[in-house]
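The structure appears right after this line, and notes come after that.
The values are calculated or read from the model by the stated rules, or taken from the named source; none is laboratory data. Just so you know, these numbers come straight off a predicted model, no measurement behind them. Cβ: placed from backbone, ideal geometry, glycine included. Neighbour counts: every protein chain shown. Remember, those area values only see protein heavy atoms, side chains included, never the ligands or the DNA or RNA. Shrake-Rupley method; radii C 1.70, N 1.55, O 1.52, S 1.80 Å.
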Amino acid sequence: MSDRRPNRFFRNMTAKIAAVPMILTALCVFVGGTVWTIVHSFTDSKLLPRLRWDGLDQYERLWNTNRWIVSIENLLIYGLCSLILSLIIGFVLAALLDQKIRFENTFRTILLYPFALSFIVTGLVWQWLLNPDLGIQSVIRGAGWIGFTFDPLNNSKIVIFGVLIAGLWQGTGLIMVLMLAGLRGIDQEIWKASRVDGIPMWKTYLFIVIPMMRPVFITTLVIIASGIVKLYDLIVAQTSGGPGISSEVPAKYVYDYMFQGQNLGQGFAASTMMLLAVLVVVIPWAYLEFGGKARG
Amino acid sequence: MIAFRTILTSTTALLAAGSAHATDLEVMHWWTSGGEAAAVAEFANAFDATGHKWIDGAIAGSGGTARPIIVSRIIGGDPMGAFQFNHGRQAEELIDAGLLRDLTGVAEAEGWKDIVNPPSLLDACTVDGKIYCAPVNIHSWQWLWLSHHAFADAGVDVPTNWDEFVAAAPALRDAGKIPLAVGGQPWQSAGAFNVLMVGIAGPDVLVRIYGDKDADLAAGPEMARVFAAAGDAREMSQGTNVQDWNQATNLVITGQAGGQIMGDWAQGEFQVAGQTAGEDYSCLPGLGINELIDTAGDAFYFPVVNDPDIAAAQDVLAATLLAPETQVAFNLKKGSLPIRGDIDLTAANDCMKKGLEILAAGNTLPATTILNTEDTNNQLNDLFVEFFNDTSITPEAAQERFVDIIANAD
């Protein structure tokens, strides 16, 4: 036994030195950039950032802008649907692939392929597929069903669901693969035990397997949620916010006002609101997830 | 790669050193469509003929895509030799921050004050008595393009003004045509509205509302009439379902739509489609009511650079852009009007000649890019794209929001 425990600070010195660049990046770029943005959201910066205080005017204007309200509504609809449907479809597909079927590799590849495409390509492809004169509607009408109408992108009430279809098509493959990896991590003995007890398969999935897959669900949740908040390129490629402003999203508002509208203050105020919304969700969750463990 | 390029440049420099003092000048712009690229090649050729070298930095997309890239290069301390903007308030802050070169010297040497017509173009480049940009062309918004084919199918005469057009709309509908094509992009709806404003309420109203930010006038009965007309236009545009302006123009060219309110750049599309003005299509400046055009357009700005060689080349380019031969060659290809009144454009077509006449008569008004900041224009775009696509917004409600934007604009 040494008479004096080494200072905690000097333990694993090499590892700590190696982490210094990352820590500095995190502090300067992420924290520093965030603080800078928030500070400038209280100014009347136009094309160039300047520190001329404007109080809460940018926020007042933001919340009086119809386009921003529509953007928030769209993000909520898209976010909720995409979260629930991605998890359900991803899990069901993974469970189906897990039934020791033939050609599993082929199916897995086909389902994962859309993920290899960027949102821009996805958006364009689905713009054409949903175009009433070229896509699904015209094919089905051509097949004889003359009265068939499926034109979500030109209907402002359902356009966001047209975007949702494209988003799900692109993203569920990845969720499925993650879920499949999680399912493969479940001990085969559990399946044997549940079969001996005569528990139906769906019950085993729902009450035994899914609770055991908690870490996988958390990972997928984070991936899906970050995809929702940053939703931008899909909208630009597929609808450019139209018809009218009915498929606008917050990230597009930020970009349009910061760069096209040459009004940095307004863009910063909008992005600060986005950050705030993320924090409102993340902080209680992080508290429950990590705070609880530290106490226990 | 960089080393390799340095070697290449230095050898080129060595070879060129004997003759003129050649400098590479990077010029950024967003002219990438067929006609535009052909037009910008005229600038490049003219500049290369002076012994310098034009390095083309075209950015695909529109001004909305290109402007942020250009601005971030300048702010980031890596300025290009020259860049294109729409003249007006877009470059206002870059000038205030001292990032752009004062061209007064070149302007005086070349006598820009005497040749640039209308003079408002040069005023738009002037801040505190100093000239910061070189205007190269005039593009005007106030045109109504009408398809003769569509009106023939509907069995009505081609209208000669907006009111006749509105009256003909039901006949066009019955014939299965879209009376008025309006593309889905925000700037197109706002642009069409501004044209209605000039046509119906007159140019003074536009200048007082956008120029002096007169909110009372914006709330008044004149504007109420404009909003009612915009309501008609919205009704007539239902079913357009295209995004880009040239797709909307194409509906007019093919006779699927009766007309389109669009700037004179639409003319290039009719030309490419092999149509003749007066036979296949008509153009009505100022909606046939108030025959005048605005003087929007493009101008070149020159960032401040430390290298005196580049500064010298910038001066040469500025002078070249306004030279008479360059102006003729460029504007014929671009379909825009030249910025000087003393040159001969006999090759111009009917619609372009109409524009030249209006210009010569001095019936011009300042462009919205000159009167409004990009921020205000962006807000107007948002308002009108929503209005044109959502029939549940009444003209009165839209006017209220319009007044709000004007009252808070700077």
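If only residues of the range A:245-266 that are more than 21 Å from the chain's Cα centre (by Cα) and among the small types (Gly, Ala, Ser) are counted, the one that is farthest from the other protein chains (Cβ to nearest Cβ) is A:265. Residue-level analysis places residue B:253 among those that are open to solvent by 20 Å² or more (accessible area, probe 1.4 Å), at negative phi, among the β-branched types (Val, Ile, Thr) and more than 14 Å from chain A (Cβ to nearest Cβ). When you check residue A:120 against the structure, is it of a type in the set (Val, Ile, Thr), surrounded by fewer than 17 Cβ atoms within 10 Å (Cβ to Cβ), at pLDDT 90 or above and under 30 Å from residue A:184 (Cβ atoms), yes or no? Against the criterion (of a type in the set (Val, Ile, Thr), surrounded by fewer than 17 Cβ atoms within 10 Å (Cβ to Cβ), at pLDDT 90 or above and under 30 Å from residue A:184 (Cβ atoms)), residue A:120 does not qualify. Candidates A:273, A:201: the one that is under 30 Å from residue B:373 (Cα atoms) and either among the charged types (D, E, K, R) or open to solvent by 10 Å² or more (accessible area, probe 1.4 Å) (or both) is A:273. With the requirement that a residue be open to solvent by less than 10 Å² (accessible area, probe 1.4 Å) and under 16 Å from the mean Cα position of the chain (by Cα), what does the range B:131-141 give you? Listed by number, the residues that qualify are B:133, B:134, B:135, B:136, B:137, B:138, B:140. With respect to the conditions (1) surrounded by 10 or more Cβ atoms within 10 Å (Cβ to Cβ); (2) on the phi < 0 side of the Ramachandran plot, residue A:55 falls short on a single one, namely (2).
For the range B:173-219, the helices (runs of 4 or more DSSP H) that sit wholly inside it and include 3 or more residues that are within 14 Å of chain A (Cβ to nearest Cβ) are B:186-196. Remark: residue B:216 matches the filter, which requires a residue to be among the charged types (D, E, K, R) and without any contact (Cβ under 8 Å) to a residue 60 or more places away in the chain.
Residues in the range B:85-105 that are more than 14 Å from chain A (Cβ to nearest Cβ) and open to solvent by 20 Å² or more (accessible area, probe 1.4 Å): B:101, B:102, B:104, B:105. Can you find even one residue in the range B:358-369 that is touching a residue at least 40 places away in the same chain (Cβ under 8 Å), of a type outside the set (Val, Ile, Thr), farther than 23 Å from residue B:88 by Cβ and crowded, with 23+ Cβ neighbours inside 10 Å? The answer is no, given that none of the residues of the range B:358-369 is touching a residue at least 40 places away in the same chain (Cβ under 8 Å), of a type outside the set (Val, Ile, Thr), farther than 23 Å from residue B:88 by Cβ and crowded, with 23+ Cβ neighbours inside 10 Å. Among the residues of the range B:102-130, those that are part of a helix (DSSP H, G or I), free of Cβ contacts under 8 Å to residues at least 24 places away in the same chain and under 25 Å from the mean Cα position of the chain (by Cα) comprise B:113, B:114, B:122, B:123. Does residue A:233 count as of a type in the set (Asp, Glu), within 14 Å of chain B (Cβ to nearest Cβ) and open to solvent by 40 Å² or more (accessible area, probe 1.4 Å)? In short, yes. In the range B:162-173, the residues that are closer than 16 Å to residue B:228 by Cα reach residues that are part of a helix (DSSP H, G or I) with C-beta atoms within less than 7 angstrom, at least six apart or across chains, in these pairs: B:162/B:199; B:162/B:287; B:162/B:288; B:166/B:232; B:169/B:236. Only a single item in (1) away from every other protein chain (no Cβ under 14 Å); (2) free of Cβ contacts under 8 Å to residues at least 40 places away in the same chain is not met by residue B:321, and it is number (2). On the given criteria, is residue A:68 surrounded by fewer than 18 Cβ atoms within 10 Å (Cβ to Cβ), within 14 Å of another protein chain (Cβ to nearest Cβ) and either in a helix (DSSP H, G or I) or within 21 Å of the chain's Cα centre (by Cα) (or both)? In short, no.
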